[in-house]
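> Structure in structure tokens, see below.
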Amino acid sequence: MVGPVALRLGVEEIRAEFAMKKRRACRVVGLAPATYYYRARRPERVDLREKLKAFAAERPRWGYRRLHVLLKREGHAVNHKLVFRLYRAEGLAVRRKKRKRIAASVRVLPPPPTRPRQQWTMDFTQDSLASGRQFRTLNVIDTFTRECVVIEVDHSLPGARVVRVLERLVELCGKPEVIRVDNGTEFTSHVVDAWAYENGIKLDFIRPGKPTENGHIESFNGKFRDECLNENWFISLDDARRKIEAYRVDYNQVRPHSSLDNQTPNEFARSLAGLTKLAV
């Protein structure tokens, strides 16, 4: 089926070759004159385009849906379809790496948490400074609110250091019932096991080679690497700590989370606190 754009070009070709009037040329190609004369009246929305490009430059690894949330926060009353059209027109789409297809397998999922501070999950990530020296981060997430409780940064994070971080978190945030971890040597060490036993906290170890059983922290690690580690150049360990802490605050207070209905983790936690007060 020939579209109106092609028919309009056909009208122009006939008129150029046979010196034919516009209406007659429209009848020849089967195009309504109103369609030929129609010109789009859609506004350019220059201000919206510029704001969208500014947000995309500031958040290069965010897709159009999260950028749409930021535009709404700025007072732009636009739907996601218009944002998607402008997003594609400006060439802002995030390039995704192709992933190897693997066979699906049946997984038995543990029951999800039902309140804050019921379950934490933690894992390590690794990166390097400008000098080439490696550093590690210990990432701790509240599974229910999706809040990033802490990102501890240092060259070495043995089991004793993990315990000190957890003691500080318990003092600031309260004690969780369960902490889900993998089978890394830091988490299976005697010092971490003894601390958990003394504090009545269960260490929930996932099966070896099954990182999907700790999906919340794996998801965070991917976003953290994509939006922070890969986007920054760390001059020193102090520089890495400053930039990573800024990302943690931004993640909790600014970044919309799709699983929380585009609320930030802090907004979601505050709404839960408000509901609790109403229930009391």
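The values are calculated or read from the model by the stated rules, or taken from the named source; none is laboratory data. What you see is a predicted model; the values in this text were computed from it and never measured. Note that each Cβ is placed from the backbone with ideal geometry, even for glycine, and that neighbours are counted across all protein chains shown.
> With farther than 30 Å from R8 by Cβ and of a type outside the set (V, I, T) as the only criterion, which of Y87, Y36, Y64 stands out?
One residue alone meets the criteria, Y64.
> Could you count how many residues in region 170-206 are exposed (fewer than 12 other Cβ atoms within 10 Å of the Cβ) and either without any contact (Cβ under 8 Å) to a residue 24 or more places away in the chain or within 26 Å of the chain's Cα centre (by Cα) (or both)?
Residues that pass the stated criteria total 4.
> Whether any residue in region 46-64 is under 19 Å from Y251 (Cβ atoms), aliphatic (A, V, I, L, M) and either surrounded by 10 or more Cβ atoms within 10 Å (Cβ to Cβ) or touching a Phe, Trp or Tyr at 6+ places or on another chain (Cβ under 8 Å) (or both) is what I want to check.
Checked against the condition, which is being under 19 Å from Y251 (Cβ atoms), aliphatic (A, V, I, L, M) and either surrounded by 10 or more Cβ atoms within 10 Å (Cβ to Cβ) or touching a Phe, Trp or Tyr at 6+ places or on another chain (Cβ under 8 Å) (or both), region 46-64 yields at least one hit.
> Moving on to the next point. Can you find a residue in region 246-261 that is over 20 Å from M122 (Cβ atoms), in contact with a strand residue (DSSP E or B) (Cβ under 8 Å, 6 or more places away or on another chain), at pLDDT below 95 and crowded, with 20+ Cβ neighbours inside 10 Å?
yes
> If you don't mind, there's one more thing I want to ask. For region 39-85, which residues satisfy the criterion of being assigned to a helix (DSSP H, G or I) and in contact (Cβ under 8 Å) with a residue 40 or more places away in the chain?
Once the filter is applied, which keeps residues that are assigned to a helix (DSSP H, G or I) and in contact (Cβ under 8 Å) with a residue 40 or more places away in the chain, region 39-85 yields R49, L52, R65, R66, V69, L70.
> Still on this structure, please answer the following. Please determine, by comparing only the residues of region 111-166 that are touching a residue at least 40 places away in the same chain (Cβ under 8 Å), among the aromatic types (F, W, Y) and closer than 30 Å to N262 by Cα, which one is surrounded by the fewest Cβ atoms within 10 Å (Cβ to Cβ).
Checked region 111-166; the qualifying residue surrounded by the fewest Cβ atoms within 10 Å (Cβ to Cβ) is F124.
> Show me the helices (runs of 4 or more DSSP H) entirely contained within region 172-280 in which 1 or more residues are over 18 Å from D142 (Cα atoms).
So the answer is 190-198, 237-253, 265-279.
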